[in-house]
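The structure appears right after this line, and notes come after that.
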Amino acid sequence: MKNINEEFVNMAIDASDKYYTFLDETNRGIARINATYQKSASDGDMLSLKLSRRIFDIDCIGLEIFEQEIEPADFKVLNYDDKQNIMQLRLKCKDAQSYITQLNEKKNAHGDIMVISDLKFLVKRVQTWFEDYGDDIMFPDKPKKHDNLDYLSKMNLSDEQKQAVDHVLSNPFSYVWGGPGTGKTQKVLAASVLHYILKGERVLICAPTNNAVEQMLHGLVPALHDFGISDSQMFRLGTPSHAFGLEFPDICEQIGSAKRIKEINAALKNVDKLDEMERLEEYISFIKEEIIPRLKDDTPASRKEAKELAESDPELKKLLGKLTSKNCKVCLMRVRALLAQKSVEQEIESRKIGEFAKWTPDVLFEYVTSLKEEKEKLENSNAKNRMEQAQVLACTVDGYIARIKPSGASIEGDTKRKNRMDNEAEIDEKSTLPNYDFNAAHVFIDESAYLSLIKAATLLGMDAPLTLLGDHMQLPPVCEMQDSAFNQSENENVFMWAQSAIHLEEIFADDRAVLRRNYINATPPTFNLLKKVDLTTSFRFGNRLSDILNYCVYKNGFKSAVGETNFKIVVIDSPKQATDDKRTNANEASGVVSYVKQNHLTDYAILTPYRKQVGAISGLMSYYERENVMTVHSSQGREFGTVLLSVCDTFGDKWFTDSCNGRSGGLNILNTAISRAKDCLVIAIDCKSWDNTSPQFLSKMISQKQ
């Protein structure tokens, strides 16, 4: 094993410190999002909030109610519906009921509830991690010998995919490179993970974003189910999307426990109704045996007795307050109506209570005690308990950095952590240090090309073989600082936030300057220590599109395994007008919106390289439809049935669409957009401008229009 040297650790700490300062001083990385409280039937300390816009990272948010900051430890996000922009959370502070009462009593005003998305804390977490555990980064251990891969015969893998699995299980530091539909996740990752599960070992699987984590699990879980692996053996750490939580509640950290806690609360509420039921039964008997017979007698004495008996009950008192011989029959009818109403209530409540009514007090007491203990355990120890049971732990890399202690951590690293926590008077919960143990036999990073090098390096602290999966011909990481700023001496290390994880082997180079030099010069990775295996056969795209991708993008023999497919390429000719602003195209905007409506699309995304065009398209759509409009960068880690790409640029004025300009990253951006489509790609473009014989990717694509 080769430990990293102190110079790289200091570079990482400096890069995080300078990047944090830049974000803070330029007011970037933070957003205050107005939230509307939605009154619901939910009991207790639950809040349902409608957000004014989408949250980028649900695991790094703050909360304000009536301008009062809620401490991070005092609330917990249960799930987030990124389609409807609805977040459910539980308040755990002492004033929770007071806040909810006030919210129920008043109309929502702008600013009453604010959700603060502060991505700077993700940067601070990385800095803290390197300060405490940076010295524990080391070259991964070689995997244990694997001699039984018979299970692969049941997974319908191609020879190329089988070779990739063998490559992963034979090398301590590996990279599986594959284009769209080559089976990186559903085949190679699933088969590699299954190898360890069948041996009774554990794996950690990560991805850069929540969307990418869930996309990875969507490909992985069905394959594991085929081998009888239950959801209880998998654990998704962090807040799930609403849709994923509904589909896989028992895998999720919050959803699984929240669902059970809701069941427990309902059971406890029904038990509490036993006393109410007893009182209701007594009340019904009282009306039947005491009130109605006296009203039926209709004598002065019986009417007087009925009125006196009714004094103790507000409802009866109201009905019989003016009882006389003239209205006695009317009062009798009203009392009988009240009796019928109470009898219906009794029937309804009796169904809810069910078997509880037959239980003895001792049995009920034991049952209630066990429920309360289970609820407390779920609320306080859910993640820890689930992690102890799980063989597969899935999370974002940020989730790993924030919540998992690296299994290769030294005593010195743990001591640094303890000293920091002891010495700081106030510790910000959003930047707390890892607090869970998880010993993995292998660590996997999906969509690794989109992950920054500095974050990927933290996973080398797990003292386990590390495999990256992805496509470095798609988008690199997003860094808010411009490349030109890296030339300033004070920012010279911040490039580590912009460099892709596929350059990870460079941190072991003797000359640390090679790291920065390779980024500035856009030097491709060498793949000497990081052993690469290629997946070149697509099971999604047909021959024509695969040939274009190979010619323009991959240049490694990328091909189709399925001949021609039902995958469609549609081109909407959208001439750019003289009145269009730069990086916008009104005809493209109206064209893609019309296509969505005419074809009644539901599983789709409208992508464009430019934010201004996102605004132009969103202005033509309803509030809820706007969630399907995004930049290409925002779509990373997701897939859609139909992708509609609004190009905006003309051939003579292109930037992010220029596939022949390495500085613009146009080739990666366009390849990413195309790779998001599962069934159909719609390109809205000024055809006359792009329809030529140039080697431009878009020119090749529109030649394939159907």
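The values are calculated or read from the model by the stated rules, or taken from the named source; none is laboratory data. None of the values given here were measured: they were computed from a predicted structure. Positions of Cβ are generated from backbone atoms using ideal geometry, with glycine treated the same way; all protein chains shown enter the neighbour counts. Areas reflect the complete protein model, heavy atoms only, side chains present, ligands, DNA and RNA absent. Shrake-Rupley method; radii C 1.70, N 1.55, O 1.52, S 1.80 Å.
Structure notes:
- Against the test of being farther than 24 Å from D159 by Cβ and assigned to a helix (DSSP H, G or I), the options L224, L217, L194, L189 yield a single qualifying residue, L217.
- Condition broken by R517, with the remaining ones in (1) over 30 Å from D166 (Cα atoms); (2) surrounded by fewer than 17 Cβ atoms within 10 Å (Cβ to Cβ); (3) in contact (Cβ under 8 Å) with a residue 12 or more places away in the chain satisfied: (3)
- Any pair with Cβ under 6 angstrom, 6 or more apart, that starts in region 26-46 at a residue that is of a type outside the set (A, V, I, L, M) and ends at one that is at pLDDT 85 or above and open to solvent by 70 Å² or more (accessible area, probe 1.4 Å): R28/E480
- Scope region 420-449; condition modelled with pLDDT under 65 and in a helix (DSSP H, G or I); matching residues: R420, M421, D422, N423, E429, K430, S431
- Only a single criterion out of (1) open to solvent by less than 50 Å² (accessible area, probe 1.4 Å); (2) out of contact with any Leu (no Cβ under 9 Å at 6 or more places or on another chain); (3) outside any strand (DSSP E or B); (4) among the β-branched types (V, I, T) is not satisfied by V562, namely (1).
- Taking the criterion of being of a type in the set (A, V, I, L, M, F, W, C) and open to solvent by 10 Å² or more (accessible area, probe 1.4 Å), the residues of region 451-497 that qualify are M473, V478, C479, A485, W497.
The rows are residues; the columns are (1) open to solvent by 60 Å² or more (accessible area, probe 1.4 Å); (2) at pLDDT 85 or above.
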{"residue": "R260", "(1), (2)": "yes, no"}
{"residue": "N265", "(1), (2)": "yes, no"}
{"residue": "D275", "(1), (2)": "yes, no"}
{"residue": "D298", "(1), (2)": "no, yes"}
{"residue": "K322", "(1), (2)": "yes, no"}
{"residue": "R336", "(1), (2)": "yes, yes"}
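- Spans of helices (runs of 4 or more DSSP H) in region 239-351 with at least 1 residues within 28 Å of L364 (Cβ to Cβ) and either free of Cβ contacts under 8 Å to residues at least 60 places away in the same chain or not β-branched (V, I, T) (or both): 253-286
- Residue match in region 604-614 (condition: under 10 Å from S646 (Cβ atoms), buried (at least 20 other Cβ atoms within 10 Å of the Cβ) and among the aromatic types (F, W, Y)): yes
- Against the criterion of being assigned to a helix (DSSP H, G or I), farther than 17 Å from Q474 by Cα, touching a residue at least 40 places away in the same chain (Cβ under 8 Å) and in contact with a helix residue (DSSP H, G or I) (Cβ under 8 Å, 6 or more places away or on another chain), V553 does not qualify.
- Per the listing K94, K76, K124, the residue uniquely of a type in the set (K, R), part of a helix (DSSP H, G or I) and over 26 Å from E625 (Cβ atoms) is K124.
- Among the residues listed as F235, F227, the single one being under 30 Å from T536 (Cβ atoms), among the aromatic types (F, W, Y) and either open to solvent by 30 Å² or more (accessible area, probe 1.4 Å) or in contact with a Lys or Arg (Cβ under 6 Å, 6 or more places away or on another chain) (or both): F227
- Taken over region 535-549, the criterion of being over 22 Å from T642 (Cα atoms) and outside any strand (DSSP E or B) is satisfied by T536 alone.
- Hits in region 579-608 (condition: among the aromatic types (F, W, Y) and part of a helix (DSSP H, G or I)): Y595
- For H110: the one exception among (1) under 27 Å from the mean Cα position of the chain (by Cα); (2) in a helix (DSSP H, G or I): (2)
- Extreme residue, least open to solvent (accessible area, probe 1.4 Å), among residues of region 665-706 that are at pLDDT below 85 and of a type in the set (S, T, Y): S694
- Only one of the numbered conditions (1) more than 31 Å from the chain's Cα centre (by Cα); (2) within 30 Å of K162 (Cα to Cα); (3) part of a loop (DSSP other than H, G, I, E, B); (4) in contact (Cβ under 8 Å) with a residue 40 or more places away in the chain is not met by K576, and that is (2).
- Filtered by the rule that a residue be farther than 25 Å from Q696 by Cβ and charged (D, E, K, R), region 549-605 gives K597, D603.
- Considering residues of region 300-320 that are among the small types (G, A, S) and under 27 Å from S350 (Cα atoms) only, the residue most open to solvent (accessible area, probe 1.4 Å): S312
- Considering residues of region 53-73 that are assigned to a strand (DSSP E or B) and aliphatic (A, V, I, L, M) only, the residue farthest from C252 (Cα to Cα): I65
- Restricted to helices (runs of 4 or more DSSP H) entirely inside region 609-706, those with at least 3 residues that are more than 30 Å from the chain's Cα centre (by Cα) are 687-690, 697-702.
- Selected residue (only one of I86, I61 is of a type in the set (A, V, I, L, M) and closer than 20 Å to T396 by Cβ): I61
- Condition met for L460 (closer than 18 Å to N668 by Cα and either in contact with a Leu (Cβ under 8 Å, 6 or more places away or on another chain) or at pLDDT 90 or above (or both)): no
- When N528 is tested against (1) touching a Ser or Thr at 6+ places or on another chain (Cβ under 8 Å); (2) at negative phi; (3) open to solvent by 20 Å² or more (accessible area, probe 1.4 Å), just one condition goes unmet, and that condition is (1).
- Meets criteria (open to solvent by less than 10 Å² (accessible area, probe 1.4 Å) and of a type outside the set (D, E, K, R)) for C648: yes
- From the options E290, E345, residue that is out of contact with any strand residue (DSSP E or B) (no Cβ under 6 Å at 6 or more places or on another chain), open to solvent by 50 Å² or more (accessible area, probe 1.4 Å) and within 22 Å of K273 (Cβ to Cβ): E345
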